[in-house]
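J.: Dumping the structure here so I can ask a few things about it.
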Amino acid sequence: MAIVACAYGLIAYGSVWYPINLLAAAALPSMAHADLAQLKAFDSMAFFVALISHGRNLNSRRAALCGIAADVFHHDARHSGAV
């Protein structure tokens, strides 16, 4: 998803930093009030905040996928007579 967002930022706004700064704007007041030029520019704090928040989302998605996979495995095992 991050690749798609960065591609969108590059195509629509000419900057891969635009979607990263938008993600960081949820936690950084300075980015929430930034103008277009600031959103298109690299900001180290915004990058760090976006990296942390995206990493947290990846862990929860990974956990959700593992839970789904476990449910599917148990469902298949029950129907195959293995349990």
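Only the coordinates and a few stated rules stand behind these numbers; no lab work does. Worth saying up front: this structure is predicted, and the values here are computed from it rather than measured. When we count neighbours, we look across all protein chains shown, and the Cβ atoms used for this are built from the backbone with ideal geometry, even at glycine.
J.: Give the peptides 17-28, 35-46 in descending order of average Cβ contacts within 10 Å, highest first. Let's see the in-between values first.
T.: Working: 17-28: 19.9, 35-46: 13.5.
Those peptides, ordered most packed to least, come out 17-28, 35-46.
J.: Applying the Karplus parametrisation 6.51 cos²θ - 1.76 cosθ + 1.60 with θ = phi - 60° to the phi angles of the range 26-32, what ³J(HN,Hα) value in whole Hz is obtained for each residue in order, glycine and proline being reported as x?
T.: Residue by residue, the range 26-32 yields 5, 10, 10, x, 4, 7, 5 Hz.
J.: Return the long-range amide H neighbours of Ser15 (sequence gap of 5 or more, or a different chain), with a cut-off of under 5 Å between placed amide H atoms.
T.: Answer set, sorted by chain and number: Leu10.
J.: For the range 1-56, just say rounded, prolate or oblate: build the C-alpha gyration tensor, square-root its eigenvalues into a ≥ b ≥ c, call rounded for a/c under 1.5, and beyond that prolate if a/b exceeds b/c, oblate if not.
T.: On the way: a/c = 2.06, a/b = 1.10, b/c = 1.86.
In terms of gyration-tensor shape, oblate.
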